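My questions will all concern the structure given below.
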């Protein structure tokens, strides 16, 4: 009987193989790498991008005043990497600083490329910072002490930018010159890597910040609150701010009788006794031009001994 038939091992393997293929085709089964922590949401990554765009603008102003030179700071990228991938992308030797992030446990990383460190050191010591010689040596302890003022400015602007989300107190905990020797995180632990380009005249260099993803995840609710508050305030606070900024602006108003046009040739041929028909009814509204653009329609009225214009219609379309 067919019911008494026993399946062979090959037939059993074939059945399981077809089941696995069917599950994979449905998309219900996806591979998972336990060596890589869960990634933060894309919307939160975009929020971090906006946050550090503001940091870049503030830092450009601060460094320009500190170095007494024009400094341009541009946010290059914000992405998630493992700590090993992050350190492998950094030059060696370089200037790396382990940052405390109170009130949270854990450390962030700030890295400044030698192509940026040594020109800044030259400027702080009275030079122009335009020396074409590229140095790849380690930063000495004396040079590290000279850079303390620069680091305070960077951390202060970083702290101010993050204050929109939460109060993070960034502090310097240690210095390192070799990326592989800075073992503050596990190699597979995820970090949010922020890359910033700093340009001083013809000199340019990269500055990289690595923040543990686990801390960013803990701030998910803070990010949501920050953006929701921004949306509710935009209709009132921002509206009042914009009105305050444009209040002193000057505009030019013209009340015009927009009648028929006349060519220059016809105008030159006009002689005494010729009659021009304006073809403009008495009850027709007068157009008001605001800075050359049609904005209102109405009529000219008298207020005492002065003439005025009564707005009767708002022109919404050009």
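Report the residue count in the range 102-122 for those that are buried (at least 19 other Cβ atoms within 10 Å of the Cβ) and either over 16 Å from residue 203 (Cβ atoms) or touching a strand residue (DSSP E or B) at 6+ places or on another chain (Cβ under 8 Å) (or both).
Residues meeting the conditions: 11.
This table checks each residue for (1) closer than 26 Å to residue 129 by Cα; (2) outside any loop (DSSP other than H, G, I, E, B); (3) in the same structural domain as residue 211 (by TED's automatic domain parsing); (4) modelled with pLDDT of 80 or more.
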position	(1), (2), (3), (4)
13	no, yes, no, no
21	no, yes, no, no
25	no, yes, no, no
32	no, no, no, no
35	no, no, no, no
58	yes, yes, yes, yes
79	no, yes, yes, yes
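Can residue 106 be described as closer than 30 Å to residue 138 by Cβ, assigned to a strand (DSSP E or B) and modelled with pLDDT under 90?
Details: closer than 30 Å to residue 138 by Cβ: yes; assigned to a strand (DSSP E or B): yes; modelled with pLDDT under 90: yes.
Answer is yes for this residue.
Next question. Please pick out the residue among 139, 73 that is over 30 Å from residue 44 (Cβ atoms), touching a helix residue (DSSP H, G or I) at 6+ places or on another chain (Cβ under 9 Å) and surrounded by 18 or more Cβ atoms within 10 Å (Cβ to Cβ).
139
The values are calculated or read from the model by the stated rules, or taken from the named source; none is laboratory data. The structure displayed is predicted, hence computed values, not measured ones. Glycine also receives a Cβ, built like all others from the backbone with ideal geometry; neighbour counts cover every protein chain displayed.
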